[in-house]
Each structure stands twice: as C-alpha cells, then as structure tokens.
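Structure record follows, encoded as structure tokens.
Derivation of every value follows stated rules applied to the coordinates shown; laboratory data play no part. Quick caveat: nothing in here was measured; it's all calculated off a predicted structure. Cβ placement follows ideal geometry from the backbone for every residue including glycine, while neighbour counts extend to all protein chains displayed.
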C-alpha cells in the first residue's frame, strides 16, 4: 500500500515537469517558424533585387498565332506547332542576332521563370532552345545582352557603288513582305569558308532599303544554277514562307491525296539526250553518300537496301523542244525541295544529264569531248563578277564552246501573296481561297539564251 502511494506521488510530480518542456518546445518552434518566415521574406526581397540587377526579363509568354503555322493552314492541314523558348526570345527581341541567341543557349545562360511555381522566391531554371513555353512563363537573359549595342550592317561594312548597282540590277520584284532577285550563275547564295562575296551578304547591305531588318533567304539555289531567288524582308515574312516551302515538300513526300499546290516552281534545263517520254513524273528517294575517302559527298538514288533512310523526291517534267544534234530543252517542276534533286533525277533516272553538270554527268560530257570542269570554277570563289567578267566568263559557255556553266535556270515561280495577310495583322484566320498569287518570271541568263539561239538557228526543233 505504501508502495502504491509512493508511486502516485512520483507520477504527479513528473507530469507537471513534462508539461513545461512541451510548452517551451512549442514556443520555440513558433519562434523558429516566425524567424524562418521573416528570413524567407527577406531572401525573396533580395532575390527580386538581384533578379532585376542581373537579368533582362522578357514579357510573360502569351500564345499568339504562329507564323510558321500559315503553311499548314494554306495546305489545309492541322497545326500542331508549339512555341519554344527560342521562338519567344526572337519574337520579343528581334534586334538580337540569331547567332547571339543560339550562343546564349549553348552557354546555358538562358533561364525560365515558370508561372506555375508555388512560391514567388523560386529561382528560374536553365532551359534549352527547344523547351516549350507555358502561359505566363518568363524568360530571363543576362542583363549585359540589353546593354550591348549590336552593330548594324551599315556600321561594320563598307559600301561600294559598283556593288550596289550590280545587286539592285538583279531585282525582279518587291513588296512589303518579299524581295525577289534573279541570281546570276557562278555566285554562291550563302557565305562560307573561302567565300568573300555571297548573295545573302550583298542583299543585307544593299536591298534593305528603309527596313530595319536585312532580307533573309527563304530557299536556296546551287552556286552554278541561276534564276528566281525569294527572300523575306522581315523575320515574320521569312518564317511564313519557310512554312509554305516546307509544307509543300511534306505534302508531296507523304503522297497526300488532293494536296493543294499553292507554290509552283518551274525550271528550264538543257540536257544531253532526250527522255523516253515527252512528259512524266519522277518519284524516287535520294540519299547522300561520301566519296573520295570522305573528301567530298554527292547525292544519289537510294537503292532497295537504303530506301527507308532516303528522302522522298518528286519531279514533274515535260519536253519543251529537242534537236537532232542530241540536246533537249525540258521544263522541270520539283514538288519537293531536296538537295541536287533536279540534277540527280535528270542524270540518274531520266538518263539525260544537264549540260554543264560535270558532277553528275561526267561520262556523258566525256563522250562529247567536253572539258571536265565547270566554267564557274575559273572564277575566284565568292568573287562578285565585274562588268568585264560578266561580258566574258559568265556570258560565255555556249554549247559550241569546249567548257560552259550549268544550264539550269529557275524560270518561273508562283507564290502566295502573304503581304496582304501580314498587313492585316491577323495570321490566325488564313484562307487559301482568298489569297491571291504572285507570279514571278526570270529571263534566261546570257549563256543559256545563246545556247537557245544557237539551237533554234541551226536546227529545227520538234
């Protein structure tokens, strides 16, 4: 009995002593929570100051009609394009060079502040160029990007009256969205290693006119070919036209039945020999192969073993005129835009290589006794032809000569008039039935015109 009473006293003394520490712990925990709250709030304020001092913050992402989706809408296909971080930066900062933006992504200096973040003090995370944007997301760029002045073409390039006159003489058509030039043979479209003059560089200097942005390439032509070259006058118009050209190739490659043809390209070529049929269609895949121990590459028709890895290519053709001397003028209409597509289809499928194409028609030219080198190879790589050179080398090369340039010319192109759509500013409501076409035509270069005159004067075409 005494033991029980003693035990009860011990228990009563222990309970009060245990209650006090509980209260102390609770109060200490509350104090810690209050301290952490104030510390977090202070850190959030510091972060906001740090963010504003170190980062250039772009406006919150807001979905808008994508210019690249116009091509799908014109061809009647659904748009599944998502906005990426790269596209949003280029849209918000059109003054930044594209090369600089790509460099920022490579150096991992682009970050995104997610709109779905639970707390405001969550720091932005690094992102890649292809990461998708959600509504309300904000892009953070280094503050130095906004402070640097990026020199324009006028500030870091010299001008020449002779160059200006030459480039502007190539102009075929111009509106608020596009500018079209007649590319001369032998001049590269894009710059590269060893090329001191290219059409994209010259256009940026002399075809800008009153626009802040330089013209941009929409498609390309081989250096030795000639004819219509379309350039977008703004980033927006270039993106729209890129979409139109891309969707044309996708539709033809996938054999989309009833696919609209809002883009037409017609080339003239002088070929050696004559196709078996006077008109038809070539539909074979093409593949790139490496030759000369990796020193060079060429395009060829894909065989059964690598057909799946090849790119589908479709070309319509018709004979314009042929002569008893073994030459034929043909019109080529590419439905897809593959590299060297027309040259390979003519040489390897039709068996009629293009005159002056020694890369794919070496044997045919060898039989005719032609030198196995292109006339444009005699020009200094990338040099702009002067008036004297245009009167001699670029205008020479008739089929009666022992060497001559490539006889392939983009003579006609029909493109949708996107200037009307862009002027209205509503690219989300696009109806191909209401969009008119722009018909572009380029005269034959001097060497092809002389070949035409030579054949028509000496032979009766059939």
message = Using the basic label-point model (7 angstrom from Cα toward the beta carbon), what is the residue 132 to residue 449 distance in nanometres?
response = 5.4
key: Ratio Rg/Rh, restricted to the range 160-242 and using Cα atoms, in which Rh is the Kirkwood radius   = 0.93
key: Extension gain (nm, one decimal) between residue 143 and residue 95, 0.36 nm per residue minus Cα-Cα   = 15.8 nm
note = Computed from the beta carbon distance with a Förster radius of 41 Å, FRET efficiency for residue 292 and residue 368 to the nearest 0.05 stands at 0.95
request  = Calculate, in nm to one decimal, what residue 171 and residue 125 gain on full extension: separation in residues at 0.36 nm each, minus their alpha carbon distance.
outcome  = 11.8 nm
